[in-house]
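Undergrad: Here's a structure for you.
Throughout, read-outs are computed from the coordinates displayed, never taken from laboratory work. Everything numeric here is computed off the predicted structure, so don't read it as measured data. Ideal geometry is used to build each Cβ from the backbone, glycine not excepted, and the neighbour counts take in all protein chains shown.
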Amino acid sequence: MTTERYNPRDAEPRWQQAWTGKKSFEAANDPSRPKYYVLEMFPYPSGRIHMGHVRNYAMGDVVARFMRARGYNVLHPMGWDAFGMPAENAAIERGIHPKSWTYDNIAAMRRQLKSMGLSLDWSREIATCDPSYYRHEQEMFIDFMAAGLVERKVSMVNWDPVDMTVLANEQVIEGRGWRSGALVEKRELAQWFLKITAYAEELMQALDGLNQWPEKVRLMQRNWIGRSEGLRFSFALEDETGKLLDESLTVFTTRHDTLFGASFCALSPDHALARRMAESDSGLQEFRRECAALGTSEESIERAEKKGYRLPIYARHPFIDGLRMPLYAANFVLMGYGEGAIFGCPGHDQRDFDFATKYGLPVIPVVAPNGTDPNQIDVSAGPYLEKDESEAVMINSGFLDGLSVAAAKNEVATRLEHEGRAERKVNYRLRDWGVLRQRYWGCPIPVIHCGTCGVVPVPKQDLPVTLPDDVTFDKPGNPLDHHPTWKHVPCPVCGKAARRETDTFDTFIDSSWYFARFCSPRADVPVDRGAAKYWMPVDQYIGGVEHAILHLLYSRFYARAMKKTGHLDIEEPFASLFTQGMVTHETYRTQGGDWVLPAEAGKTAAGWVHTVTGEPLTIGGIEKMSKSKRNVVDPEAILEQYGADTARWFMLSDTPPERDIEWTESGVEGAWRFTQRIWRLIGESIRQHDPASSPDAAAAKELRQWTHRSIAAVTEDISALRFNRAIARIYELSNALSSALQNPDRSSAMNAAVSDAARTMVLLMAPMMPHLAEECWKVLGNDSLVVETPWPLALQEFVASDEVTIAVQVNGKRRDEIRLAKGLAAGDVERQVLDLESVKRALDGKPVRKVIVVKDRIANIVSG
RNA sequence: GCGGGCGUGGCGGAACGGUAGACGCUACGGACUUAAAAUCCGUUGGGAGCAAUCCCGUGUGGGUUCGAUUCCCACCGCCCGCACCA
């Protein structure tokens, strides 16, 4: 019998070595076997893993080990999202070169991940900052250019003044840079764009097919793409004297039914017409400046008043002869959506109403609930925004009067189409993906600007365009641009002096195809299509919900772009997606508001105090672990103290994986106690047969039933990623085994049941606690490894039972329960149940009206 | 404002429309120990009762049903996403 405590510090490295020695997790491209590709979002090499990583990778590892045990050829790789700003900041702040900073961090984090005992195929490791990775990114970009997927255009972009770089729309959160938190400014720049909008419709339609994605994520993407059906049409324009102008004004609307309610038209201050007119109108110039100065932050938008600048131009109403509407440049009209111009209908739009009220423009109601008297409508209260379109009808609208909203839209569209001045159009909120970043530590963009030939792609045989190592960070701006020689190259076409593009790619490009690269990480093409055909798509992708739009939408687009250019054969890279919750921890602060380490907070009779200074403390909320709130728990210390198995077990216990989990000391202690309990139970389970002991056949059978029902339940729970439930089942099995071990029965039948339970328990817990499982497996007398052992099979004879407990209700209230043979006919159940004392008492002499019997579950007696 | 989700013991959480609270944590009581740790046994939704047992309980109010934590409607509260998108 084993009496020593289980020591993870000794056992864990030993088993990690055993797995590495046997190459247990190296995946071969073997199309004869069924594959399973499980992937967790790869980490940014910040230097240390955090608890979020532990949770994420523990989950993925359970799936990987489970599927491997079930006979699948499992691909479970790891890599590094290694380009990005923090490396440059380290260079600026501490004089460390981004490259050495990054690779040092990778080495440190690789060691930490290895100490977690993850079943990763390290032979496929990749880092996006390695030229052997990013050269393929450059090659594909050139292919994308040839395929028309790349566009260079001047446009208003989001400028992050702290990171000094451009940001894509998806990377602006509430008006601030997603990483720097700085208020984003608008700037006009020449930019490279990937034409994701060309796939807007497809990206949206295909969401319907992603039925193994969380509904929430699909919805977020659908909203982000923002499809809306409407009409694009143009107004004839005239000057103040009534003279028709050559130019017309094109607008986009989804509410062309309200055209008779139009009372003004408005342009974005950045609209071409407004810009042109500003050249000779200093007032307009001033107005445009004012609008540009207005930030894009939530607060500024909320506070911003609707403001307009009256232009000396009118728009002619298409249906009302002689009606001309004033034209404004207005601060609430966005250049980036539709045509950058609108017609205003104050009766049915809040913004238009605010604007009209301010400038004294007419408010004409044109839609009203069916049956409303058109003369009784109060237009001073605000616009009528019908909730249910089908209940509304058109009024004050000439030939549209009495029509439904839908019919009116159709009528207006048809008439304007006939006149050749309109087309029905679908608009998207989605913008093209600006991919330039004015930074050093990123993938160089493989193009050369030539004064004669224009933009010339770098010839493929000259790839990769590698980053120069000798850069300085002493000046603000892009170090590549400051480099003395790097950007000066001859034009590949004409040979004249030319200039390299010094911007680098958005790092989201790096992460948009890494999952495909893992299929053939050393191939000399971006993706070996044979390998990708076998492995792709990723069967189970796991990561944080914060990537619901950014990374997950870009990757879906990238797969399509790669397919178009012959690099991949699928459109959807992730068949099944799981978004795990965050890791949270309690917080404490002083009266002064400073955050205090939870470890330094102590409870006294007088309340919480700082254990060092004695200062009184207030309890903050349970918050996401963050440095600023000082509530971070370092995984390394936990792994050192308790071992990987305990940490993994805790991360998977209790809380459903999609919810936020709270880190608690007592919770880890509980997980630690359980690892020791398993160790003891396994030690006790290898006991001797004693012919003198009296057999307890019922107890042995019960243990067998627990064992095989646990197999069935854990298999189902892990398949559905319900790790917390799987763990509860394993606790139940350990409790059943513990009870059996206390039974004096030492017969061979009981010992066989005990040994079956012990063996099963080890195999069931192995995906979560792989090291302890191996150690126990050895104690149980096995020479093989658990990682080579197939998943146990539940024996039906023990899963099924011949007796069931039936709940007995009277008028829906539970009054008793009764053990009956399984599958007993309703009539027999009814007879037995009506005979029960408890039932007679509850009926209290009232007649039985009917008896409802649900087979093997419940009997409900309804009385009068 | 628009869209989505969630409300169950002291806590994390279980529960094909069918015995609400599995499993874990905490707390309390007991055993072992000189003592502590560890371990083991027991109790742990609220209330009444010596007890058998009974009553009340899944945010609030209604509804459907023999039966509702689960389905429907309204309300309250919390969380998340988008947000001047025409």
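Undergrad: Using the Karplus curve 6.51 cos²θ - 1.76 cosθ + 1.60 with θ = phi - 60°, what ³J(HN,Hα) values do you get for each residue of the range A:195-211, in whole Hz, with x for Gly and Pro?
TA: 7, 5, 5, 5, 10, 3, 4, 5, 4, 7, 4, 5, 4, 4, x, 8, 6
Undergrad: Which trypsin sites (Lys or Arg not before Pro) in the range A:514-548 pass both tests, a DSSP loop state and at most 11 other beta-carbon atoms within 10 Å?
TA: A:522
Undergrad: Then there is this: On average, how much area does the Cα convex hull of chain A cover when viewed from any direction, in nm²?
TA: 52.4
Undergrad: Then there is this: Please list the non-local residues whose amide H lies under 5 Å from the amide H of residue A:191, H modeled 1.01 Å from N, same-chain partners needing a gap of 5 or more.
TA: Residues meeting the criterion, in which the H sits 1.01 Å from N, are A:153, A:154, A:155.
Undergrad: Starting at the first residue of the range A:613-630, write each ³J(HN,Hα) from the Karplus equation 6.51 cos²θ - 1.76 cosθ + 1.60 with θ = phi - 60°, in whole Hz, x for Gly and Pro.
TA: Working through the residues one at a time gives 8, x, 4, x, 10, 10, 7, x, x, 8, 10, 4, 4, 8, 4, 5, 8, 6 Hz.
Undergrad: Name the trypsin sites (Lys or Arg not before Pro) in the range A:17-122 that are in a loop by DSSP and that have at most 14 other C-beta atoms within 10 Å, would you?
TA: Values: sites: A:22, A:23, A:35, A:48, A:55, A:65, A:68, A:70, A:94, A:99, A:110, A:111, A:114; in loops: A:22, A:23, A:48, A:70.
Here the trypsin sites (Lys or Arg not before Pro) that fit, given the DSSP loop and packing criteria, are A:22, A:23, A:48.
Undergrad: Could you work out the relative contact order of the range A:735-864, using alpha carbon pairs under 8 angstrom and six or more residues apart, expressed as a whole percent?
TA: Computed value for the range A:735-864: 18 percent relative contact order.
Undergrad: Which of the lysines could be linked to residue A:840 by a straight reach, that is with a Cα gap under 26 Å, when you skip same-chain ones fewer than 8 residues away?
TA: A:813, A:822, A:850, A:855
Undergrad: In the range A:376-458, what GluC sites (Glu not before Pro) fall in a loop by DSSP, with at most 12 other Cβ atoms inside 10 Å? Don't jump to the answer; show the numbers that get you there.
TA: Working: sites: A:386, A:389, A:391, A:411, A:417, A:419, A:423; in loops: A:386, A:419.
Counting only loop positions with at most 12 other Cβ atoms within 10 Å, the GluC sites (Glu not before Pro) in the range A:376-458 are A:419.
Undergrad: Let me check I have the definition right: for the range A:696-801, take the eigenvalues of the Cα gyration tensor, multiply each by 5, take square roots. What are those semi-axes in whole Å, largest first?
TA: 21, 17, 12
Undergrad: Determine the calculated [θ] at 222 nm for chain A from helices alone, applying -39500 (n - 2.57) to every DSSP H run no shorter than 4 residues and normalising by the residue count; nearest 500 deg cm²/dmol.
TA: Estimated from H runs of four or more residues: -11000 deg cm²/dmol.
Undergrad: Same structure again: May I ask you to sort A:550, A:681, A:244 by Cβ crowding, counting other Cβ atoms within 10 Å and putting the fewest first?
TA: Going from sparsest to densest Cβ surroundings: A:244, A:550, A:681.
Undergrad: Amide H to amide H, which residues 5 or more places from residue A:542 or on other chains are under 5 Å from it, using H placed in the peptide plane?
TA: Here A:39, A:40, A:41, A:578 satisfy the definition.
Undergrad: A further question on this structure: Whose amide H sits under 5 Å from the amide H of residue A:816, counting only residues 5 or more places off or on another chain, with H placed in the peptide plane?
TA: Amide H neighbours of residue A:816: A:808.
Undergrad: Once phi is turned into ³J(HN,Hα) by the Karplus curve 6.51 cos²θ - 1.76 cosθ + 1.60 with θ = phi - 60°, what whole-Hz value does each residue of the range A:371-378 show in order, with x for glycine and proline?
TA: x, 6, 6, x, 7, 9, 7, 8
Undergrad: Please name whichever of A:447, A:327, A:644 sits farthest to the positive end of the charge dipole of chain A, dipole taken about the Cα centre and charges placed at Cβ: Lys and Arg +1, Asp and Glu -1.
TA: Positive-end residue among those listed: A:644.
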